[in-house]
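Heads up: the structure comes next, in structure tokens.
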Amino acid sequence: MQIEETRRGAILVLTPVGRIDNETGPAFQTRLLAEMGGGGATILLDLSKVQYISSAGLHVLIAATKQSKALNGRFAVAALQPIVKEIFTISRLSHVVPIFDDVTAAMAAWS
Amino acid sequence: MAATLTIASDLAELRRLRAFVDAFCLESRLGERIAHSLTLVVEELLTNLVAYGYDPGAPAGVVTVLLHVEGGAVVLSFDDDGRPFDPTTRPVYDLEGSLEDRPVGGLGLHLIRTMMDEVRYARVGDRNCLILTKRIQ
């Protein structure tokens with residue numbers, strides 16, 4: 001899976017492209033956790049280019065949120081496509097993973 | 001309209017399974033949302049089966065997937081030779097749990113139950129037969 005990367009000040013914006021599922025999930029999780037490194041990282045996941053997420057993908061986001069918390073970092077997702085948003089709602093993932101409407105909203109909240 | 005696909009219980013079959021569902025939904029003009037739900041459900045089912053359905057190291061089993069449209073609903077039948085497993089009797093996934101309490105498994109099953117309108121299970125001989133129905137609005 002292709003992952004676009006932009007740095008905006010102290011915030012790393014990662015934009016995965018395509019599907020986060022059983023196939024792409026493990027490598028994506030490895031990348032995310034690596035970016036969290038020694039701690040204190042601020043990572044925003046821009047999901048505007050993700051059209052599909054399975055439970056394997058949701059577990060990656062739960063694991064990333066846990067790791068970020070443990071390392072005193074910040075982690076959130078933004079710009080969910082309607083179908084992905086529906087999966088988030090069904091799974092009540094908003095209870096555990098911070099969600100922003102778009103990248104701009106996240107930047108504003110974190111500045 | 002009906003279509004059948006027989007695959008091995010192997011994650012390498014996921015692409016073929018997705019293509020099968022996509023093609024059926026396109027031919028039956030079921031629309032993007034139904035296609036998405038069905039794709040997600042078959043993917044969760046196969047993933048679960050591969051993870052828990054067989055003894056470690058056992059050869060891959062045989063899965064038959066049948067799709068048909070009937071009486072204003074699309075019916076998915078998922079039939080496998082894994083160990084007996086009735087998803088309809090599994091405990092409900094705890095959605096209110098905090099981050100720490102979220103179990104690693106169970107989310108896939110929750111998605112299946114939520115996205116489909118009806119899930120029925122039968123053990124027939126040495127096979128699990130799951131029939132899942134989704135109404136077409």
TODO: List the number of the failed condition for B:L46; all other conditions in (1) modelled with pLDDT under 90; (2) assigned to a helix (DSSP H, G or I); (3) in contact with a Ser or Thr (Cβ under 8 Å, 6 or more places away or on another chain) hold.
DONE: (1)
Task: Residue selected from the stretch B:13-43 under the condition under 17 Å from A:S54 (Cβ atoms) and small (G, A, S), by the criterion surrounded by the fewest Cβ atoms within 10 Å (Cβ to Cβ) - done: B:A19
- [ ] Can you work out which of the residues in the stretch A:18-34 that are of a type in the set (A, V, I, L, M) and more than 12 Å from the chain's Cα centre (by Cα) is farthest from the other protein chains (Cβ to nearest Cβ)?
- [x] A:A34
- [ ] May I ask you to list the residues in the stretch B:1-12 that are of a type outside the set (S, T, Y) and surrounded by fewer than 19 Cβ atoms within 10 Å (Cβ to Cβ)?
- [x] B:M1, B:A2, B:A3, B:L5, B:A8, B:D10, B:L11, B:A12
Task: Selection within the stretch A:58-75 - surrounded by fewer than 22 Cβ atoms within 10 Å (Cβ to Cβ), under 11 Å from the mean Cα position of the chain (by Cα) and small (G, A, S) - done: A:A63
Open item on the list: Any residue in the stretch A:89-111 that is in contact (Cβ under 8 Å) with a residue 12 or more places away in the chain sitting within a Cβ distance under 8 Å of a residue that is exposed (fewer than 12 other Cβ atoms within 10 Å of the Cβ) and among the hydroxyl-bearing types (S, T, Y)? List the pairs, counting only those 6 or more apart or interchain.
Closed with: A:V96/B:S98
Task: Residue count for the stretch B:112-127, restricted to those that are assigned to a strand (DSSP E or B) and either of a type in the set (D, E, K, R) or over 27 Å from B:R33 (Cα atoms) (or both) - done: 6
Task: Selection from the stretch A:62-80 of residues that are closer than 23 Å to B:R113 by Cβ and at pLDDT 95 or above - done: A:L80
Open item on the list: I'd like to verify a number: residues in the stretch A:16-28 that are surrounded by 16 or more Cβ atoms within 10 Å (Cβ to Cβ) and either over 21 Å from B:R15 (Cα atoms) or hydrophobic (A, V, I, L, M, F, W, C) (or both), how many?
Closed with: 2
- [ ] Check off (1) surrounded by 18 or more Cβ atoms within 10 Å (Cβ to Cβ); (2) away from chain B (no Cβ under 14 Å); (3) under 30 Å from B:L46 (Cα atoms) for A:V13 and give me the number that stays unchecked.
- [x] (3)
Open item on the list: Please go through (1) away from every other protein chain (no Cβ under 14 Å); (2) under 22 Å from A:S55 (Cα atoms) for B:L111 and return the number of the only condition it doesn't satisfy.
Closed with: (1)
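The values are calculated or read from the model by the stated rules, or taken from the named source; none is laboratory data. Keep in mind that this is a model prediction, so the values were computed, not measured. Heads up, the Cβs are rebuilt from the backbone with ideal geometry, glycines too, and the neighbour counts pull from every protein chain shown.
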